[in-house]
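Accompanying notes for the structure given below.
The values are calculated or read from the model by the stated rules, or taken from the named source; none is laboratory data. Remember, it's a predicted structure, so these values are computed and weren't measured experimentally. Glycine gets a Cβ as well: all are built from the backbone with ideal geometry, and neighbour counts include every protein chain shown. For the accessible areas, the whole protein counts, side chains as well, though only heavy atoms, and no ligand, DNA or RNA atoms are used. Shrake-Rupley method; radii C 1.70, N 1.55, O 1.52, S 1.80 Å.
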Amino acid sequence: MNKKQMKLGLSMRYMGYHVGSWRHPDVPADGASLFQSFLEVAQTAERAKFDMLFLADGIGVRLDDKPAGSMCRSRHNVELEPLTLLSALAPLTRNIGLVATASTTYNEPYHIARKYGSLDQISGGRAAWNVVTSWSDQEAWNFSMSKQLDYDTRYERAHEFVEVVTGLWDSWDEDAFLLDKESGVFYDEKKMHVLDHVGKHFSVRGPLSVRRSPQGRPILVQAGVSEPGQQIAAEYCDMVFMAKNDLKSAQDYYSSVKDRLEHFGRKGSDLLMMLGLTPIVGRTREEAQEKYEQLEALIDPIVGLSMLYRSFGDLSHLPLDGPVPKPDLDKVGLKSSAQMYYDLAQKQGLTIRQLYKKIGMAQEHKTIVGTAADVVDEMESWFEQGAADGFNITPSLLPHGINDFVELVLPELRKRGRFRDEYEGRTLRENLGLPVPASRYAATAASTGVSPVK
């Protein structure tokens with residue numbers, strides 16, 4: 001009997017999720033600005049048959065120099081713009097999905113619909129948009145604002161934003177373009193649709209100046225754990241990225257999102273839940289532990305404290321080997337992260353130093369240190385117990401993390417029948433096993449005798 005297989009993504013921002021990755025002796029310190037570094041990682045992941053590449057993003061340097069001296073020691077400053085980078089990678093890859101983050105706070109829906117629609121055409125149906133709201137004042141300062149939008153407004157705007165973008169992606173039926181040189185008719189005017197959206201935040205006429213996606217529409221991804229974030233995911237999205245360290249918390253979140261789908265006429269299998277995972281793998285447990293300890297030694301205490309600043313404020317006056325204080329959730333920028341970090345510290349009895357070391361290893365993502373069998377055992381456990389449909393690998397270092405995973409972990413996954421040997425199709429939607437969304441105009445077309453969009 002064939003076992004259910006996992007989906008796998010590779011997150012490749014900053015050439016590794018470890019906060020001190022740039023200091024590793026075998027990592028190019030400026031790798032986050034080097035196209036060739038990303039190309040090598042992307043092609044390695046595609047040879048391994050990964051489902052997708054993922055680039056997180058923020059539209060500004062989202063740092064305060066708190067504690068003083070931390071900002072100049074951080075690698076969170078310069079990087080390549082995700083859509084530009086993925087468009088360059090598209091013709092140099094063939095099957096792997098291309099997922100990029102873009103904010104609904106400081107973009108306009110037409111821009112996003114057009115850019116991702118274009119990436120989808122360039123790549124042959126492999127584009128995906130990770131929908132986020134921007135939360136930092138540093139980003140607001142780059143867009144003629146003195147401070148970020150309030151929480152409710154950000155998510156209200158995001159919901160309408162996604163509604164407009166998906167509407168624009170339906171501007172053209174799949175077979176709208178006749179391209180009849182003899183008659184001179186370029187497209188069938190009955191198969192072009194003007195959105196004419198007027199709402200609280202946006203007024204967008206349309207149609208979109210990009211033809212319909214080869215995969216129906218680009219894949220939609222979301223990562224927010226808030227109530228409005230989960231609602232957006234359940235109504236529109238094809239995939240959710242999760243950052244959970246605790247099995248029960250992951251199961252509860254998994255169920256919370258999946259249980260909402262029926263309300264929107266969707267099935268549980270219509271949306272994939274992908275857990276962020278940082279495997280530090282060795283041929284022996286001792287080798288894996290040595291790698292882990294080498295990475296820990298790269299974390300500057302000032303940088304470690306700066307990572308806690310947004311959740312806990314300035315802790316530099318407290319003993320590093322003392323307890324983690326409770327955050328004031330009314331004053332923090334990222335409430336979900338602050339609560340998760342505090343809960344983790346309480347559950348595991350972590351000191352301030354131990355907490356920033358744990359976060360510095362993989363941000364808020366789950367970390368497994370051990371052999372390939374250890375890693376796969378844990379992946380299978382979460383997969384089978386309703387905590388994840390797959391894993392978004394967030395390696396501590398690149399290219400080391402992907403090379404170790406491909407060499408050691410993938411053979412074990414395949415031996416257990418948990419991961420593909422070959423791609424199932426050409427588009428990202430086909431490879432993820434997700435349904436092709438019907439155009440919102442399909443019902444109207446059917447009633448008028450026009451063939452509905454597939």
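Only one of the numbered conditions (1) under 30 Å from N403 (Cα atoms); (2) surrounded by fewer than 20 Cβ atoms within 10 Å (Cβ to Cβ) is violated by R205, and that is (1). Checking N107, N95 one by one, the residue that is more than 21 Å from R13 (Cβ to Cβ) and assigned to a loop (DSSP other than H, G, I, E, B) is N95 and no other. Only residues that are surrounded by fewer than 18 Cβ atoms within 10 Å (Cβ to Cβ) and touching a residue at least 60 places away in the same chain (Cβ under 8 Å) were counted across segment 344-362, and they come to 1.
Scanning segment 249-260 for residues that are part of a loop (DSSP other than H, G, I, E, B) and either in contact with a strand residue (DSSP E or B) (Cβ under 9 Å, 6 or more places away or on another chain) or surrounded by 21 or more Cβ atoms within 10 Å (Cβ to Cβ) (or both) turns up nothing. Of L208, L179, all but one fail to be closer than 28 Å to G425 by Cα, hydrophobic (A, V, I, L, M, F, W, C) and not in a loop (DSSP other than H, G, I, E, B); the exception is L179.
The set of residues from segment 284-313 being within 27 Å of L53 (Cβ to Cβ) and either in contact with an Asp or Glu (Cβ under 7 Å, 6 or more places away or on another chain) or in a loop (DSSP other than H, G, I, E, B) (or both) comprises L298, I299. Taken over segment 69-82, the residue count meeting the criterion of being more than 21 Å from W135 (Cβ to Cβ), open to solvent by 50 Å² or more (accessible area, probe 1.4 Å) and touching a residue at least 24 places away in the same chain (Cβ under 8 Å) is 2. Just to be sure before I move on: is A102 within 24 Å of V332 (Cα to Cα) and not in a loop (DSSP other than H, G, I, E, B) in the structure I sent? Considered against the rule, which asks whether it is within 24 Å of V332 (Cα to Cα) and not in a loop (DSSP other than H, G, I, E, B), A102 comes out as yes. Of all residues in segment 369-385, those being out of contact with any Phe, Trp or Tyr (no Cβ under 9 Å at 6 or more places or on another chain), hydrophobic (A, V, I, L, M, F, W, C) and open to solvent by 30 Å² or more (accessible area, probe 1.4 Å) number 1.
Taken over segment 35-84, residues that are in a helix (DSSP H, G or I), closer than 29 Å to V409 by Cα and hydrophobic (A, V, I, L, M, F, W, C) amount to 6.
I'd like to verify a number: residues in segment 190-205 that are of a type in the set (G, A, S) and closer than 16 Å to R440 by Cβ, how many? Count: 1. Among the criteria (1) under 18 Å from the mean Cα position of the chain (by Cα); (2) closer than 20 Å to E81 by Cβ; (3) open to solvent by 30 Å² or more (accessible area, probe 1.4 Å), the one L55 does not fulfil is (3). Considering Y236, Y253, the condition of being in contact (Cβ under 8 Å) with a residue 40 or more places away in the chain and among the aromatic types (F, W, Y) is satisfied by Y236 alone.
Restricting attention to segment 32-46, the residues being out of contact with any Phe, Trp or Tyr (no Cβ under 6 Å at 6 or more places or on another chain), in contact (Cβ under 8 Å) with a residue 12 or more places away in the chain and open to solvent by 10 Å² or more (accessible area, probe 1.4 Å) number 8.
Among the residues making up segment 98-121, those that are open to solvent by 60 Å² or more (accessible area, probe 1.4 Å) and either in contact with a Leu (Cβ under 9 Å, 6 or more places away or on another chain) or at pLDDT below 95 (or both) are Y110, R114, K115. Does S21 satisfy the condition of being under 25 Å from Q148 (Cβ atoms) and either among the hydrophobic types (A, V, I, L, M, F, W, C) or open to solvent by less than 20 Å² (accessible area, probe 1.4 Å) (or both)? In short, no. F177 meets the conditions (1) among the aromatic types (F, W, Y); (2) open to solvent by 20 Å² or more (accessible area, probe 1.4 Å); (3) under 23 Å from S203 (Cβ atoms); (4) modelled with pLDDT of 95 or more in every case but one. The failed one is (3).
Residue-level check: of (1) small (G, A, S); (2) buried (at least 16 other Cβ atoms within 10 Å of the Cβ); (3) in a loop (DSSP other than H, G, I, E, B), A29 misses just (2). For A388, indicate whether it is among the aliphatic types (A, V, I, L, M) and either surrounded by 20 or more Cβ atoms within 10 Å (Cβ to Cβ) or modelled with pLDDT under 85 (or both). The answer is yes for A388.
Taking the criterion of being open to solvent by 50 Å² or more (accessible area, probe 1.4 Å) and more than 21 Å from S134 (Cβ to Cβ), the residues of segment 303-333 that qualify are D314, S316, H317, L318, P319, D321, P323, K326, D328.
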